[in-house]
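Comments concern the structure below.
The values are calculated or read from the model by the stated rules, or taken from the named source; none is laboratory data. Just so we're clear, the structure is a prediction, and the values are computed from it rather than from any experiment. Here Cβ is always computed from backbone atoms with ideal geometry, including for glycine, and neighbour counts include all displayed protein chains. In case anyone asks, the SASA skips ligands and DNA or RNA and just uses the protein heavy atoms, side chains included. Shrake-Rupley method; radii C 1.70, N 1.55, O 1.52, S 1.80 Å.
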Amino acid sequence: MDSFLQHITSDKNFKDVVHVETIPARQAIYADERFQLDERTRSALDKLGIQGLYSHQAEALALIRQGADVVIMTPAASGKSLVYNIPVIESLLKDPESKALYLFPLKGLEQDQLTALTSLSEAAGLVKKPPVAGRRKSYSPGICEIYDGDTSAYKRQKIRLALPSVLLTNPDMLHLGILPFHQKWEGFFRNLKYVVIDELHTYRGVFGSHVAHVLRRLRRIAKLYGSEPVFITCSATIANPIGLAQALTGKTFELVARNGAPQGQRQFIFINPAGGTSPYTLATRLFIESIRAGFKTIAFTKARKITELMHSWAAKSAPELAETISSYRAGFLPAERREIESGLKTGALAGVISTSALELGVDIGGLDVCILVGYPGSIASTWQRAGRAGRSGRTSLIALVAMSDALDQHFMRNPTDFFSKPSEAAVIDTENPVIAKAHLNCAVAEAYLKTNDTIIEAPKHAHLLSALEKEGRVRYWAKGGIWYPRRRYPHKDVSIRGIGERFSIRLENGAMLGEASYGRVFYELHPGAVYLHKGAPYLVKRLDLYNKTIVCRPAADIDFYTSAITHETSEIISVDAEKNLEGVTVRLGSLRITETIIGYRKKEIGTGALIGEYALDGFPPSVFATKGIWMKVDEAILNEAKAHGFSVAGSLHGLEHSAIAALPLFAMCDRMDLGGVSYAFNPELEAPAIFIYDGHEGGVGLVQRGFDCCRDWFSATLDLMSECKCEVSCPSCTQDPKCGNNNDPLDKRGAILILKSWLGSER
């Protein structure tokens, strides 16, 4: 690896290496020898070659034994799964009837943990229940079973009839297939001792806000059957592990964060392409060079389209590698994803180019090189992805290839800031009215909701329950003090992965290509848009809103990509809070946003040069209520900007963009999760104004986080623009790839004036 790093840093093709950081190897810290395990558990670990526990594993196990709900926050490959597997095995050794529920955000994680838990249970002497005597082909349940959307209907029925000790599933199946039919799971809930939530940090934004309600419904059903399980949660490094765990479950947690696991040496290089070199071209070249050098390599991109383009370029540039590399992203069919994961694990594949879909701990074997094609958007995600390389104490190389985006360039200019910066907060909003209302309807359908319920807290949600009653979904029986359902199974109308329905992507002959969320459809899959799948381009011919279908045709000759043209307006619904800085009042509240797709642009691949603009007629406007912040801008500051020859509209627009770019420094989100609109004159406020809002209906806590730390947020925004060497505007400070106005006008000079006035004399 040292030789390869020397080759990279001296090769003229990689002349733009701006920083090399050596992160030394770390020795293991083992548990105090006084920490005792059950003898059978100790023997099982010995059989599996596990000679001792790390200090953080022992600390967590001690708390779990005391009945505490625990969140373990240590890096990837630090043995977190053993922390929850050991208590479950010990519980089964003492009481064979005890049960545990494991929740994972991805199906691939279930498969990995099934293998690990099965090995440990067998080593501990736990065996499957024998078949019922006298029955032909009687189903024999395993100690642990997977129950998800890929489980056949036949096996699901058998699992319900002969309950396993440990059930591995995901929040989707818990929501749709278990809680609504809890009567069939009575024996499981009655003996439920542990609930394990792995990859806790992934439960943020819309998904996390949904899962928070699913977990409260789970606790309520468990309580109905007389159990109160201990929650064991595991997370990558984030700023608020206890806060997130408590917001998700409504319980109180203990934190274990002192890592005792070993770590091999890491070489972390920053590459900032200059002289017109495309970061995608350079990253593709590095990907090929790494594989040719014999290193198993993963490249992470920030967009599905780039994943597919890089895969296509790599296969064409290095045809001898074409059979040993693949792309990987959401939207692939389950069989395609499993095949790629297996290929990486077995060595049939030497490299993969992936979106964040492989960020989590799906077992894909040991990797040597991790290439980050653009800053992933958060410190937490960066280290999570970097943790994919160098497992089992091996030396690894992580390369961050910078884009022109503001945060990428900020860290290229200030690499020491990156290595000293703490992780961001993962935020959810359990009070999102759209999400809360949907899950209240589900909870009432699962079991009558009493006004004194301590988990769902009916009085707090009285206005939502009343709305459900007016819609004919629930009824209230005043004499009994209970809410009861009008429909038996409202769950199927609630998608916990987003707010809105899913669309299928098909060829003209009806063959299935993939799926897309409602939020992506209008922006990325409108008629005329280019859709990429496994490196191959397709042209969208038709968008059928009624049947939720996108129809495409193959288009191998396409040499352009598309981006939507949008128009946004805002309307203030309510003011919830306000905060005064030296030069501005920041208000937080509810907004009604209207977004309309009015056309799209074609741009050349590689150069980004505009080919043309095309109108789209008949697209319905997207109108939604959300949370936002807004600031009036003092006319005197704008007059000063005008006197200097700066664009007033460009100053407001540039500040809106740069603030959106900076918020991910404080909250785990992507700038695409946020929206904004600036006004030279806002008729509601009768003044120039800037609005920034959560891009999801009802809000998911992102602008709330920004409001809470607005001084630091605005200060970071000022730094992003002040540090940038451009004169007026560029992608590194004020330009936004999502901008529906094609980033026109923008003027960072006036934006800097505005921010300095807001922050006062200290800046």
Would you point out which residue out of LEU663, LEU591, LEU638, LEU655 is in contact (Cβ under 8 Å) with a residue 24 or more places away in the chain and assigned to a strand (DSSP E or B)? LEU591
Can you tell me which residues in region 178-192 are in contact with a Lys or Arg (Cβ under 9 Å, 6 or more places away or on another chain) and open to solvent by less than 10 Å² (accessible area, probe 1.4 Å)? ILE178, LEU179, TRP185, PHE188, PHE189, LEU192
With the requirement that a residue be among the aliphatic types (A, V, I, L, M), farther than 29 Å from THR202 by Cβ and outside any helix (DSSP H, G or I), what does region 463-511 give you? VAL474, ALA478, ILE482, LEU507, ALA511
Kindly indicate whether GLU431 is closer than 30 Å to HIS201 by Cβ and either assigned to a strand (DSSP E or B) or among the acidic types (Asp, Glu) (or both). yes
Subset of region 617-655 [over 30 Å from ASP708 (Cβ atoms) and within 31 Å of the chain's Cα centre (by Cα)]: PHE619, PRO620, PRO621
Limited to region 258-302, what total is found for residues that are of a type in the set (Ser, Thr, Tyr), open to solvent by less than 20 Å² (accessible area, probe 1.4 Å) and more than 12 Å from LEU400 (Cα to Cα)? 3
Looking only at region 64-94, count every residue that is of a type in the set (A, V, I, L, M, F, W, C) and in a helix (DSSP H, G or I) and tell me the total. 8
So for region 597-608 (the condition being in a strand (DSSP E or B), within 18 Å of GLU684 (Cβ to Cβ), modelled with pLDDT of 90 or more and open to solvent by less than 60 Å² (accessible area, probe 1.4 Å)), does at least one residue qualify? no
Contacts under 6 angstrom Cβ, first residue in region 338-356 being in a loop (DSSP other than H, G, I, E, B) and modelled with pLDDT of 90 or more, partner hydroxyl-bearing (Ser, Thr, Tyr) and surrounded by fewer than 18 Cβ atoms within 10 Å (Cβ to Cβ), 6 or more apart: LEU349/THR324; ALA350/THR324
Please tell me if TYR531 is under 29 Å from the mean Cα position of the chain (by Cα), without any contact (Cβ under 8 Å) to a residue 24 or more places away in the chain and closer than 30 Å to MET310 by Cβ. no
Small (Gly, Ala, Ser), open to solvent by 20 Å² or more (accessible area, probe 1.4 Å), in contact with a Lys or Arg (Cβ under 7 Å, 6 or more places away or on another chain) and not in a strand (DSSP E or B) - does that describe any residue in region 610-620? no
Please go through region 641-652 and pick out each residue that is assigned to a helix (DSSP H, G or I) and either among the polar types (S, T, N, Q) or under 20 Å from SER590 (Cα atoms) (or both). SER651
Being within 16 Å of LYS534 (Cβ to Cβ) and polar (S, T, N, Q) is the filter; apply it to region 309-362 and report the residue that is most open to solvent (accessible area, probe 1.4 Å). THR324
The residue from ALA124, ALA133 that alone is of a type in the set (A, V, I, L, M, F, W, C) and either at positive phi or modelled with pLDDT under 80 (or both) is ALA133
Determine which single condition SER312 fails, assuming it passes every other condition in (1) in a loop (DSSP other than H, G, I, E, B); (2) touching a Gly at 6+ places or on another chain (Cβ under 7 Å). (1)
Got a sec? Which of GLY52, GLY108 is more than 25 Å from SER423 (Cα to Cα) and assigned to a loop (DSSP other than H, G, I, E, B)? GLY52
Could you look through region 678-720, keep only residues that are open to solvent by 10 Å² or more (accessible area, probe 1.4 Å) and part of a strand (DSSP E or B), and pick out the one that is farthest from THR734 (Cα to Cα)? ALA687
Could you tell me which residue of region 1-55 is surrounded by the most Cβ atoms within 10 Å (Cβ to Cβ), considering only residues that are hydroxyl-bearing (Ser, Thr, Tyr) and in contact with a Gly (Cβ under 8 Å, 6 or more places away or on another chain)? TYR54
When you scan region 564-576, do you find a residue that is open to solvent by 20 Å² or more (accessible area, probe 1.4 Å), within 30 Å of GLY514 (Cβ to Cβ) and polar (S, T, N, Q), even just one? no
Is there any pair linking a residue in region 733-750 that is more than 23 Å from ILE611 (Cα to Cα) and open to solvent by 60 Å² or more (accessible area, probe 1.4 Å) to one that is aliphatic (A, V, I, L, M) and in a loop (DSSP other than H, G, I, E, B), with Cβ under 7 Å and at least six apart or on different chains, and which? ARG749/VAL728
Here are the criteria: (1) part of a strand (DSSP E or B); (2) open to solvent by 40 Å² or more (accessible area, probe 1.4 Å); (3) modelled with pLDDT under 90; (4) not small (Gly, Ala, Ser). Tell me which single one LEU532 does not satisfy. (2)
Using the structure shown, decide if ALA68 is more than 25 Å from GLU341 (Cβ to Cβ) and in contact (Cβ under 8 Å) with a residue 40 or more places away in the chain. yes
Could you tell me how many of the residues in region 149-171 are part of a helix (DSSP H, G or I), open to solvent by 40 Å² or more (accessible area, probe 1.4 Å), within 24 Å of SER495 (Cα to Cα) and not basic (Lys, Arg)? 2
Determine which member of the set THR237, THR277 is out of contact with any Asp or Glu (no Cβ under 9 Å at 6 or more places or on another chain) and among the hydroxyl-bearing types (Ser, Thr, Tyr). THR237
Search region 383-432 for residues being under 19 Å from GLY365 (Cα atoms) and within 22 Å of the chain's Cα centre (by Cα), and hand back the single one that is most open to solvent (accessible area, probe 1.4 Å). TRP383
